[in-house]
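The structure appears below as structure tokens.
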Amino acid sequence: MKMMSIIKYFLDNKIAVNVFVLGLFFLGLISFKNIPKEGMPGIELNQIQITTTYPGAAPEDVELNVTIPLEEEISKIIGIDYIESVSADNVSSIFIQLDESYSKKEMAETIQDIREAVDTVNDLPPEVENSPLVQEIKTDDVPIIEIALSDANHETLRNNARKLELALERISPVSEVDKIGYFDREIHIEVDPDALNETYFSLPELATSIYKRNIRSTSGILESHKGSKNIRILSKFTDPMEVKNVILRSNFVQNRVNLHQVASVKLAEKDQKIKIRNNGEKGISLV
């Protein structure tokens, strides 16, 4: 009877019904505008990947010396659904699926147990210089856009990529920007064996001379009646190319042998494991 009276009220008051429906419509619009939205929302996949680099090793050696020891230690942990692994040239990849029935807190504890188990494996080959990389696989790590840059002048290309990276990082929704094909620079010293023989220098002596020229250290405290002062040696290179002027040998009549007289010194990028080309030119991609 009460329901019938409500229905009869709405039938007899069409204006009130229209106002009520319009009110709901506008409230819905306001709510839709204020609700946080993401084009690619983050999803917890509860998956772990362990990557280990073993330079110069065949797949069989990678499996025997890296993959199996890690798997044996990881398999002791409770909370893992299954483990899969791939042993390829120079690299071992272990994929771990965690138990979906675990709570978020239990998942975090299991991940920490995996990290600790990997750290306990201390009999990896000496060629494995870097510790195994333990990563959680998340959809947040998947890039949503890639920007390809190219230029015939590589120096201009590097500068443009760096400027664009800084501009993108200033945009609040952008969490991270990675540069692919942009390598750090280092000093390459190519020694001339004939020049070394003429100056009676050896490679260890050359390396020692460079090391002693590029130092920053504390050498003690100088005490006097006015107080005490710290003594510091400040001899670090301010410009990487200063290394070419390192004095290898000198005498009292100012005869010197500098590094650039026995070796070529140049500033170059580190060994490139990948090469990027965009529009037929050297390129750098930002993701």
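The values are calculated or read from the model by the stated rules, or taken from the named source; none is laboratory data. Values in this document were obtained by computation on a predicted structure and should not be read as measured data. Cβ coordinates were reconstructed from backbone atoms using ideal geometry, including for glycine residues, and neighbour counts include every protein chain displayed.
Criterion first (touching a helix residue (DSSP H, G or I) at 6+ places or on another chain (Cβ under 8 Å), surrounded by 11 or more Cβ atoms within 10 Å (Cβ to Cβ) and among the aromatic types (Phe, Trp, Tyr)) does residue 183 satisfy it? Before the answer, list the steps.
Details: touching a helix residue (DSSP H, G or I) at 6+ places or on another chain (Cβ under 8 Å): no; surrounded by 11 or more Cβ atoms within 10 Å (Cβ to Cβ): yes; among the aromatic types (Phe, Trp, Tyr): yes.
No: the conditions fail for residue 183.
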**Asked** Quick one: would you say residue 199 is among the β-branched types (Val, Ile, Thr) and in contact with a helix residue (DSSP H, G or I) (Cβ under 8 Å, 6 or more places away or on another chain)?
**Response** yes
**Message:** Can you tell me which condition residue 266 does not meet? The list is (1) part of a loop (DSSP other than H, G, I, E, B); (2) on the phi < 0 side of the Ramachandran plot, and all the others hold.
**Reply:** (1)
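Given the options 133, 206, name the one that is touching a Ser or Thr at 6+ places or on another chain (Cβ under 8 Å) and either more than 30 Å from residue 96 (Cα to Cα) or at pLDDT 85 or above (or both).
Values: 206 fails: touching a Ser or Thr at 6+ places or on another chain (Cβ under 8 Å).
Among 133, 206, only 133 is touching a Ser or Thr at 6+ places or on another chain (Cβ under 8 Å) and either more than 30 Å from residue 96 (Cα to Cα) or at pLDDT 85 or above (or both).
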**Request:** Being under 37 Å from the mean Cα position of the chain (by Cα) and among the polar types (S, T, N, Q) is the filter; apply it to the range 236-257 and report the residue that is farthest from residue 184 (Cα to Cα).
**Result:** 245
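Each row is one residue, and each column tells you yes or no for (1) basic (Lys, Arg); (2) under 22 Å from residue 66 (Cβ atoms); (3) not in a loop (DSSP other than H, G, I, E, B).
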residue	(1), (2), (3)
101	no, no, no
109	no, no, yes
116	no, yes, yes
126	no, yes, no
130	no, yes, no
134	no, yes, yes
143	no, no, no
**Message:** Among the residues of the range 99-110, are any more than 30 Å from residue 162 (Cβ to Cβ), touching a helix residue (DSSP H, G or I) at 6+ places or on another chain (Cβ under 7 Å) and at pLDDT 90 or above?
**Reply:** no
**Complete:** Filtering the range 261-278 for residues that are over 27 Å from the mean Cα position of the chain (by Cα) and either modelled with pLDDT under 75 or surrounded by fewer than 15 Cβ atoms within 10 Å (Cβ to Cβ) (or both) leaves a count of 2
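Give the range 155-175 a look and list any residue that's of a type outside the set (A, V, I, L, M, F, W, C), modelled with pLDDT of 80 or more and either farther than 28 Å from residue 261 by Cα or surrounded by 10 or more Cβ atoms within 10 Å (Cβ to Cβ) (or both), or say none. First the steps, then the outcome.
We begin by selecting, within the range 155-175, every residue of a type outside the set (A, V, I, L, M, F, W, C); these are 155-156, 158-160, 162-163, 165, 169-170, 172-173, 175.
Now drop any that are not modelled with pLDDT of 80 or more, which leaves 155-156, 158-160, 162-163, 165, 169-170.
156, 158, 159, 160, 162, 163, 165, 169, 170, listed by residue number.
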**Complete:** When every residue in the range 81-104 that is farther than 29 Å from residue 55 by Cα and of a type outside the set (Phe, Trp, Tyr) is compared, the one surrounded by the most Cβ atoms within 10 Å (Cβ to Cβ) is 98
**Item:** Leading residue by the ranking (farthest from residue 151 (Cα to Cα)) among those in the range 179-223 that are charged (D, E, K, R) and not in a strand (DSSP E or B)
**Value:** 198
